[in-house]
Amino acid sequence: MNLAGFKQLLHTDLGQTALRAAEDLQPREVDYLQHFQTLSRSYPPEVAQAALETAILRQEAADKFSHASQMYFTRTALEQASNEALARWRARRYDGAAGVLDLGCSIGSDSLALAEVAPVVGIDYDPLRLSLARANLQSVKRSFDAHFVQANLRAALPLAGSLKNWGVFFDPGRRQGGRRIRSVADYQPPLETIKGWLPDLPAVGVKLSPAVNLEELADYPGEIEFISLRGALKEAVLWLGSFKSAARRATLLPTGVTLSGEPRTGGPIGPPQRYIYEPDPAVLRAGLVLDLAAELGAHQLDADIAYLTADQQVDTPFARSWEVEAWFPFQLKRLRAYLREKQVGQVVIKKRGSPLEPERLARQLKLQGDQARVIFLTHLDGRPIVIVAFSGG
């Protein structure tokens, strides 16, 4: 979709009629050509393309936005757009700010959340995305103090000298040519761009990939927060200046519970006990496994593996737990014999530190029976072991 096609879609009766016709098709990306040919019989190609793309992306955006059916997207922008729950969580740090600069605002997904707590100025270089952002702000049918400005963030930051007590949210481009960008030096613009802003705007939050190389952040003395949503790791945020409240933080949504502390190594190592814990991925990436272990009265099985174990079960939102039935050094024959003895016919196989492929192992076990178990393939102080636990963790 280009800017001209979007303007026809948004501002003309023909465009809105084409959009309704496209939505009636309940289109999918895999059937794009067929649907485009259908719409092109009644509408100009540029309008048909914009309508069809919008209809497809609105369906795909439903798991990110509560009002996706009224919003406008491009595919790349949707892929990078913040989930509504995550955007609202981050926006809480800006509560009380005189205003917020949303830098790299794209289609406005973060601007919508930030505007709930403070006035917002969204800045982007792409005129199409700015038009999408304006339309998306209007789609919620609420009165927000938000404005959008076209500017190149690689140049001097506009308005910076006159924005006392404002916060900054920076969402650099992390995709190019359909591929994810791994290094912060290759972000668009690169992360180092923020160094020129900090003297004027000392409260800055930066959205990062959850797979960010932490060594690349060594020159940025801020808080690194990893956020998971319903058990899936979604993003990282670098909080600088007055926004910093810890060295590392793991946040679990939708509940909003957080665990903070300093990454540590060198905790106690020992064999499996009555319960085994699997920390949430946000805890793992934040390097707070030992902080969690201290809360649980647990220890690691191996210094390089994040499974924890303890004699007592402690309810925690930061990890799943299972009751251990047995453990022993890994041997396929021994494991197969044990599971047959227990009449286990169904297993969930988890692994950390093991080269074995769960699907292949499941076939090799040749299970029969009506019982279910969870199998952990892991290490005990460097030696391969298997842990058999009751299901239902």
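Summary of values
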{"read-out": "Candidate set from segment 221-259 (those that are of a type in the set (D, E) and closer than 16 Å to R88 by Cβ); member that is surrounded by the most Cβ atoms within 10 Å (Cβ to Cβ)", "value": "E225"}
{"read-out": "Helices (runs of 4 or more DSSP H) contained entirely in segment 42-152, each with at least 2 residues that are more than 24 Å from E223 (Cα to Cα) and in contact with an Asp or Glu (Cβ under 6 Å, 6 or more places away or on another chain)", "value": "45-60"}
{"read-out": "Any hit, segment 361-374, residues being free of Cβ contacts under 8 Å to residues at least 12 places away in the same chain, over 30 Å from P263 (Cα atoms) and not assigned by TED's automatic domain parsing to the domain that holds L229", "value": "yes"}
{"read-out": "Number of positions in segment 314-339 that are surrounded by fewer than 17 Cβ atoms within 10 Å (Cβ to Cβ), more than 13 Å from V374 (Cα to Cα) and of a type outside the set (D, E)", "value": "10"}
{"read-out": "Among the residues listed as L137, L157, L132, L153, the single one being out of contact with any helix residue (DSSP H, G or I) (no Cβ under 6 Å at 6 or more places or on another chain), at pLDDT below 95, surrounded by 18 or more Cβ atoms within 10 Å (Cβ to Cβ) and farther than 28 Å from I224 by Cα", "value": "L137"}
{"read-out": "Spans of strands (runs of 3 or more DSSP E) in segment 242-316 with at least 2 residues closer than 24 Å to L86 by Cβ and of a type in the set (V, I, T)", "value": "257-261"}
{"read-out": "Of all residues making up segment 2-13, the number that are surrounded by 15 or more Cβ atoms within 10 Å (Cβ to Cβ) and over 33 Å from the mean Cα position of the chain (by Cα)", "value": "1"}
{"read-out": "Count - residues of segment 352-386 that are crowded, with 16+ Cβ neighbours inside 10 Å, assigned to a strand (DSSP E or B) and out of contact with any Ser or Thr (no Cβ under 7 Å at 6 or more places or on another chain)", "value": "5"}
{"read-out": "Exclusive hit being modelled with pLDDT of 95 or more and in contact with a helix residue (DSSP H, G or I) (Cβ under 9 Å, 6 or more places away or on another chain), set T316, T265", "value": "T316"}
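Let's see how each residue does on (1) closer than 19 Å to F376 by Cα; (2) under 18 Å from the mean Cα position of the chain (by Cα):
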| position | (1), (2) |
| --- | --- |
| F226 | no, yes |
| L240 | no, no |
| F243 | no, no |
| V257 | no, yes |
| G261 | no, no |
| Y275 | yes, no |
| D291 | no, no |
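The values are calculated or read from the model by the stated rules, or taken from the named source; none is laboratory data. Everything numeric in this text was worked out from a predicted model, so none of it was measured. So basically every Cβ, Gly included, is an ideal-geometry build from the backbone, and we count neighbours across all protein chains shown.
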